[in-house]
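Notes for the one structure printed next.
The values are calculated or read from the model by the stated rules, or taken from the named source; none is laboratory data. The model shown is predicted, which means the values in this text are computed figures rather than measured ones. Neighbour counts run over all protein chains shown; Cβ positions are idealised from the backbone, glycine included. The area values use the complete protein model at the heavy-atom level, side chains included, leaving out ligands, DNA and RNA. Shrake-Rupley method; radii C 1.70, N 1.55, O 1.52, S 1.80 Å.
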Amino acid sequence: MKTVKFSLVGVAVAMALFGCNSDSDSVSATTPVTLSVSDAPIDDVSEVVVTFSKVAFLSIDDETPQIFEVYKTDEEGNYIDEDGELLLEGEDPIPLSVNLLDVQGSDVEDLLDGELLPVGNYKLCVFANDGDHPDYPSYVIDELTGNKIPLTVKGDGACPQGVGKEENSGVLFFNNTFAVNPDNNEYVVEFDLRRGLKDGTGQNEGYSIQRTSVSLINTVTTGDIQGVVLSATYGACVNDIDTGNGYVQAVYLYEGNVAEVDMGPFAGVEGKVDPMAAAAVSLADNNTDYTYEFGFVEPGTYSVGYTCTANDDSEDGLVEGEAFSIFDSVSGLSVSVGTDTEANF
């Protein structure tokens with residue numbers, strides 16, 4: 001059965017930079033920076049694990065890149081092993097593996113902590129191990145079979161300024177220049193995996209994450225959209241539409257003031273507006289209703305649509321024999337910096 005295999009939305013891995021472990025000794029006019037990964041709803045898989053090994057900040061003002069190794073640590077910054085135990089003396093630290101399903105909405109996972117970055121303008125490279133890495137591969141766990149399937153990160157060639165590439169790894173290169181200011185700098189590497197996670201297991205290629213589905217966001221300039229889907233809404237949606245292969249809930253995000261009749265799927269329908277992201281719908285604390293959240297949304301006007309037929313795929317189109325429709329919507333939402341905008345169904 002094929003329903004939704006690509007409903008991962010924004011994953012944010014956090015990196016706070018305050019001062020050691022850099023390949024550069026330049027610390028003049030330094031400032032703390034946070035880089036994060038977050039927001040990863042998905043169906044049909046129980047884990048999407050990406051192993052991060054290195055981050056390179058490429059200075060636009062000079063030719064000296066700031067390079068940081070990414071290791072697994074505890075809350076105090078001590079190196080730990082895969083079981084969370086402190087490393088013994090002489091043991092090498094291990095790269096950080098992040099299950100993207102554990103960092104949804106506005107939750108984040110730290111990549112680095114305790115590093116300083118000079119004030120200035122930068123581009124960014126994030127290194128992530130591929131599924132064929134001999135020691136610490138990235139992988140997906142199939143929810144139905146429990147099988148571990150290799151995950152390849154489709155990087156964009158080598159990292160510039162002589163940083164290069166690493167074997168069995170992808171390089172996520174962010175070519176857009178961003179500024180590290182003396183004030184707060186909190187950045188998120190956001191994976192829009194509903195469109196970016198591709199299943200090539202039928203061609204013996206495993207899963208892959210497309211570089212074009214990953215973006216860099218400054219969280220200081222963003223807000224959130226969140227809300228509740230009542231159990232009655234879900235029940236009415238299920239009763240209203242026969243999907244044939246089971247029901248998959250999601251909330252889709254559209255830029256602008258979009259009417260419900262104009263809301264389309266990722267797969268693309270002529271005359272419809274394509275969504276810019278999707279959020280998972282999870283059981284609420286009351287074990288009756290459901291909740292969703294879009295973290296790190298740029299200020300502006302947005303619309304959201306709830307569906308229980310989230311069976312579309314931007315690469316393969318709508319699932320054969322199934323239909324897509326928005327069951328309920330809220331249009332004209334205003335998002336501003338540092339605020340939580342509420343939209344309930």
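Listing for the model above:
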read-out	value
With all protein chains modelled, accessible area of D132 [1.4 Å, Å²]	100
D102, D328, reordered so the largest accessible area comes first (probe 1.4 Å)	D102, D328
Enclosed volume per residue, in Å³, of the convex hull spanned by Cα atoms of the range 157-255	173
Rounded accessible area of V330 (nearest 10 Å², 1.4 Å probe)	40
Cα-derived Rg to Rh of the range 95-220, Kirkwood definition	0.98
Distance histogram for the range 103-166 (every C-alpha pair counted, 10 angstrom bins, percent rounded to whole numbers)	15, 32, 38, 12, 3
Chain lengthening between D240 and N287 when straightened (0.36 nm per residue, less Cα-Cα)	14.7 nm
Net length gained if the chain between T301 and A179 were fully extended (0.36 nm per residue, minus Cα distance)	41.4 nm
FRET E, pair K148, V119, Förster distance 30 Å, beta-carbon r, rounded to 0.05	0.10
Probe 1.4 Å, all protein chains present, accessible-area order of D274, D192, largest first	D274, D192
